[in-house]
1. From the Cα gyration tensor of the stretch 61-158, with a ≥ b ≥ c the square roots of its eigenvalues, which class applies: rounded if a/c is under 1.5, or else prolate if a/b is larger than b/c, or else oblate?
2. Sum up the charges of everything whose Cβ sits under 12 Å from the Cβ of residue 107, counting Lys and Arg as +1 and Asp and Glu as -1, but leave residue 107 out.
3. Let me check I've understood the local charge: for residue 202, count other residues with C-beta under 14 angstrom from its C-beta, Lys and Arg +1, Asp and Glu -1. What total comes out?
4. For residue 88 and residue 108, what is the calculated FRET efficiency with R₀ set at 22 Å and r taken between the beta-carbons, to the nearest 0.05?
5. Kindly flag which residue pairs out of 112/174; 124/225; 136/216; 112/173; 136/173 have an alpha-carbon separation exceeding 21 Å in this structure.
6. Quote the FRET efficiency, to the nearest 0.05, computed for residue 205 versus residue 80 with a Förster distance R0 of 30 Å and r equal to the Cβ-Cβ distance.
7. Straight-line reach only, C-alpha to C-alpha below 15 angstrom: list the aspartates and glutamates that residue 13 could link to, leaving out same-chain residues fewer than 8 apart.
8. Run the numbers for residue 115 and residue 198: contour at 0.36 nm per residue of separation, minus the present Cα-Cα distance, in nm.
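Where a number appears in this text, it was derived from the coordinates with a stated rule and is not lab data. Being a predicted model, the structure only gives us computed values, none of them experimental. For neighbour counting, all protein chains shown are included, and Cβ atoms are generated from backbone atoms with ideal geometry for every residue, glycine included.
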Amino acid sequence: MSNENQAASAPLKAVVGIIVFLAVAIYLLAKLATSGFQIDAQVMTKEAVASRLKPAGSSVASDAPPGQRTGEQVYTAVCLSCHGTGLAGSPKFGDAGAWGARIAQGFDTLSKHALEGFKAMPAKGGSPDLSDDEVKRAVAYMGNAGGAKFTEPAVGGAAGGAAALPDPDTVGKKIYESICVACHASGAAGAPKFGDKAAWAPRLKDGVDAVFNNAKKGLNAMPPKGGYTGSDEEFHAAVIYLTNAAK
Ligand code: HEC
Ligand code: HEC
């Protein structure tokens, strides 16, 4: 009897053994797979990636692309260092008494003084990388805190994203065709001609930024910004359009 039982239980044991082995194996595989996916999901969320890409110590002001900072951001980053306390005789932020007579000069005069410098006030508050509109926004922001009712020049486009910068092929082209064309189409007064690679190549050897800065300030017969009165960002788009044609 006992022999018969042993003979019958041997294959049974083997089957149970295989089932247990498979169950454990499937359980372990499943656990490995799900925990693997969990790690992936954590590593790849946009927030996690963004936080790892973010440079240490980035501030509110530097989150906005150049040229797109608001008056408050520019004030905090640059102007506050003097105007926050009234350093060096500067009119103090929010002090209506100190600002009253200055505001009476009007927004354009105040902006001109802030852009070009005025007595102990350095041009652009000592930050030449600010665009003209950024300085004007800061003037409006400070003036308004001192009792004025200035309108801050708008930050280009929705939410000030990088994509909001004026497009060279639309905005830049339009400016070129209405203003720059007067000299750059014919080469009048020694202007490098539109599309003339040989004329542009030596100028562009230091990059587009260099010619942009020269053209912004004016260069011999080239008037500042070519006589364009709009924003630096728009003028920049015209320079890109003009120089792209010669590449
Ligand atoms: C290094 C110190 C300093 C910084 C930085 C500075 N300012 Fe000034 N600012 C002055 C001083 C000093 C005056 C007063 C000049 C005077 O009337 O003698 C002044 C005056 C002004 C005035 C009044 C001009 C007028 O016609 O009365 C404006 C507007 C102004 N600053 C804007 C700005 C803006 C905008 C910024 C930042 C982008 C800035 N300032 C950064 C020192 C500074
Ligand atoms: C009144 C004529 C005139 C107008 C209008 C004009 N330019 Fe010019 N531009 C010139 C001349 C002349 C030069 C060459 C200056 C030199 O090198 O002596 C020049 C040079 C330039 C340069 C090259 C600067 C460099 O560093 O070599 C750029 C960029 C430029 N212009 C952009 C523009 C744009 C963009 C406009 C329109 C918004 C414009 N210009 C309108 C006359 C003009």
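1. The shape class here is prolate.
2. Surrounding charge for residue 107 is +3.
3. Working: positive: 193, 197, 203, 205, 247; negative: 196, 206.
Combined, the nearby Lys, Arg, Asp and Glu give +3.
4. Values: r = 24 Å, r/R0 = 1.09.
For R0 = 22 Å, the calculated efficiency reads 0.40.
5. Among 112/174; 124/225; 136/216; 112/173; 136/173, the Cα-Cα distance tops 21 Å for 112/174; 112/173; 136/173.
6. Working: r = 39 Å, r/R0 = 1.30.
Here the calculated transfer efficiency is 0.15.
7. Excluding near neighbours in sequence, the set is 4.
8. Values: separation 83, 0.36 × 83 = 29.88 nm, distance 3.55 nm.
Here the answer is 26.3 nm.
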